[in-house]
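Right, one structure below, let's go through it.
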Amino acid sequence: RELQNSFFYSTDFLYFLELNKEVGASSWLTAKPYRHLGFELNHQEFTDAIALRYGFSILNLPSHCTCGEANSPDHALSCGNGGFSIMRHNEVRDALAEAASHAGIKGVEIEKVLLPCENHNLPLTANIAPDARMDVFGVGLWGRLQKTYIDVKIFHPEAKSYKKKSIRSLYNYHESCKKRSHNRRVVEVEQGGFSPFVMATTGGLAPEADRIVRTLAGRISTKHRGTTYIEAISFLRTRIRFALLRSTLVALRGSRR
């Protein structure tokens, strides 16, 4: 009954359908449940994932969060208590670094500390912290011997502050924020290239992130004979999607005490 009532003329439901059409968002539904790859969900996880996918009610959630706010799926995926946002970010970061190594990118590192930038005239929006780090570093992604610095951003498109904004505009906003914060420092101080890797909690990839995944898939298909580009990009999207999905489901019901 809820499905029937939601399906017809519901703006929220139609918005979820738009989110589900984003690149990579639905890859988890068609994946074979390989346990050794983490492509497996139990009954409750699968039920919760379907409810999140279509904006349905999720049963047996606590009525209030430990932060004092009324609890809901949107709040659970936005609240900073419990460290679940960091865990979600790190899961995607690690999956991306793993993919880069598999694609033959040289010198892959996570959490690489940037060089000092005191003597550089950087814009006010630049991150000039002495301990600033990039999530993933590697050599050769965009060109031979070219250093690439990637920073990951996961956002929840159903958060209150994002209401009435299109998913395209949110992708552009977060990519622009990352570039304003890091691009000049990476280019001028590190003499490298910067690429933001932005994802929605619903699984969609922003344009720059999709470009990274497509490039890695091409490298994998070239390096590993017998693996086609279609097979490589399908696997990468599914691997990254499950890293995000499983950590999102943990955040939904995880204890924040």
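Summary of values
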quantity: GNM result for the chain, Cα springs below 10 Å: residue of Ser181, Ser26, Ser63 fluctuating most strongly; calculated: Ser63
quantity: Ordering of 234-243, 142-151 by packing [mean C-beta count within 10 Å, highest first]; calculated: 234-243, 142-151
quantity: Dmax and Rg, reported as Rg then Dmax, of segment 85-231 (C-alpha, Å); calculated: 15.8, 50
quantity: Exceeding the 24 Å Cα-Cα cut-off - candidates Lys21/Lys112; Lys112/Lys178; Lys106/Lys223; Lys32/Lys165; calculated: Lys21/Lys112; Lys32/Lys165
quantity: Carbon and sulfur %, accessible surface of segment 71-221 computed with the full protein complex present, 1.4 Å; calculated: 51
quantity: On Cα atoms only, tilt of 43-54 relative to the major axis of the chain in degrees; calculated: 80
quantity: Segment 117-134 - phi-based ³J(HN,Hα) in whole Hz, Karplus 6.51/-1.76/1.60, Gly and Pro as x; calculated: 10, 4, 8, 10, 8, 9, x, 4, 7, 6, 7, 10, 4, x, 10, 4, 10, 10
quantity: Fluctuation leader among Leu245, Leu124, Leu52 - the chain, Gaussian network, Cα springs under 10 angstrom; calculated: Leu124
quantity: Equivalent-ellipsoid semi-axes of the chain, from the Cα gyration tensor, Å, largest first; calculated: 32, 23, 17
quantity: For peptides 64-71, 79-86, sequence by mean Cβ density within 10 Å, most packed first; calculated: 79-86, 64-71
quantity: Residues whose placed amide H lies under 5 Å from that of Val198, excluding near-sequence neighbours; calculated: Lys153, Ala206, Ala209
quantity: Per-residue ³J(HN,Hα) for segment 215-223, Karplus 6.51 cos²θ - 1.76 cosθ + 1.60, θ = phi - 60°, Hz, x for Gly and Pro; calculated: 5, 4, 4, x, 5, 5, 5, 6, 6
quantity: Highest average packing first - 190-201, 87-98, 154-165, Cβ atoms within 10 Å; calculated: 190-201, 87-98, 154-165
quantity: Charged-residue dipole, Cβ positions (Lys, Arg, Asp, Glu), the chain about Cα centre, Debye nearest 20; calculated: 440
quantity: Under 5 Å, built H, 5+ apart or other chain: amide partners of Ile58; calculated: none
quantity: Sequence-distant residues sharing a close amide H with Gly193 (under 5 Å, placed H); calculated: Lys147, Thr148, Tyr149
quantity: For segment 227-243, Karplus couplings with θ = phi - 60° (6.51, -1.76, 1.60), whole Hz, Gly/Pro x; calculated: 9, 7, 4, 4, 5, 5, 6, 5, 5, 4, 4, 5, 4, 5, 5, 5, 4
quantity: Angle between the chain longest axis and helix 84-102 axis [Cα atoms, degrees, rounded to 10]; calculated: 50
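The values are calculated or read from the model by the stated rules, or taken from the named source; none is laboratory data. All of these numbers come straight from a predicted model, not from anything done at the bench. All Cβ positions, even for glycine, are placed from backbone atoms using ideal geometry, and neighbour counts span all protein chains on display. Just the protein is used for accessible areas: all its heavy atoms, side chains included, with ligands, DNA and RNA removed. Shrake-Rupley method; radii C 1.70, N 1.55, O 1.52, S 1.80 Å.
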